[in-house]
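Right, one structure below, let's go through it.
Read-outs: derived from the displayed coordinates by stated rules, not from any lab. Just so it is clear, the structure is predicted and the values come from calculations on it, not from any experiment. Here Cβ is always computed from backbone atoms with ideal geometry, including for glycine, and neighbour counts include all displayed protein chains.
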Amino acid sequence: MVLVCDWFGNEYHRTDCKVKANNLEKMIESVADRVEDANDKLQKNLDRANKYVDKEDTKKAISYLIRNFEEELVGLDAQESSIRLYHKILDDVRAKKDELVKKGDVDGLKNLAKEVKKTDLEKEFDEAIEEAAKNAKDAGPTTQK
């Protein structure tokens, strides 16, 4: 079996049969171009994600970052930048979530939870909604007569 990978271990060629030296050389030479193409594709998604971050559209920004993660490539510049942006977005959303929990704003949490579906925060939001509902219930009525 022959595997041809980049310096980060991303696989670009795999074969179960014997490969002649000249074919192996061609496979190896093609990796640099394929790495560049892969990074360009990741960069396009990252640029789109950044555009949506600027527009404060967290849901769409995350969707473009997840597209990059689904490529299952590591180490490439655009992928590393995608990871940093993803963590920044999630940290910002966590801060908003914590504020909403303190306020007992269940509806606000439910709306914010829609933005982070299929992310690491999905379970945290389920727990936060329960906690906020409990806080709101414990606070009692908020209307005056």
Label points 7 Å out from Cα along the Cβ direction at residue 134 and residue 28: separation in nm? 6.1 nm
Exactly which GluC sites (Glu not before Pro) in segment 28-112 are in a DSSP loop and have at most 13 other Cβ atoms within 10 Å? 56, 72
Where does the charge balance sit around residue 64 when Lys and Arg score +1, Asp and Glu -1, over other residues with C-beta under 15 Å from its C-beta? +4
Qualifying chymotrypsin sites (Phe, Trp or Tyr not before Pro) in segment 1-56, DSSP loop, other Cβ atoms within 10 Å at most 14: 7, 8
Would you tally the net charge around residue 50, using a Cβ to Cβ cut-off of less than 15 Å, leaving residue 50 out, and scoring K and R as +1, D and E as -1? +2
Dipole moment magnitude, nearest 20 debye, the chain about Cα centre, only Lys, Arg, Asp, Glu C-beta charged: 540 debye
Return the distance in nm (one decimal) between the two label points of a simple spin-label model at residue 5 and residue 48, each offset 7 Å from Cα along Cα→Cβ. 2.9 nm
Interchain or sequence-distant (5+) residues whose placed amide H lies within less than 5 Å of the amide H of residue 13 are 4
With -39,500 (n - 2.57) per DSSP H segment of 4 or more residues and division by the full residue count of the chain, the 222 nm estimate, nearest 500 deg cm²/dmol, is -24500 deg cm²/dmol
Of all trypsin sites (Lys or Arg not before Pro) in segment 32-96, which ones are in loop regions per DSSP and have a Cβ with at most 15 other Cβ atoms within 10 Å? 55
Give a residue-ordered list of calculated ³J(HN,Hα) values for segment 56-62 (Karplus: 6.51 cos²θ - 1.76 cosθ + 1.60, θ = phi - 60°; whole Hz; x for Gly, Pro). 6, 9, 4, 4, 5, 4, 4
Taking the Cα centre of each part, how many Å lie between segment 19-40 and segment 43-89? 26 Å
What is the ratio of the Cα radius of gyration of segment 10-145 to 2.2 N^0.38 Å, where N is its residue count, to two decimals? 1.56
With θ set to phi - 60°, apply the Karplus curve 6.51 cos²θ - 1.76 cosθ + 1.60 along segment 31-46 and write out the HN-Hα couplings as whole Hz, x wherever there is a Gly or Pro. 4, 4, 5, 5, 5, 4, 4, 5, 5, 4, 4, 4, 5, 4, 5, 5
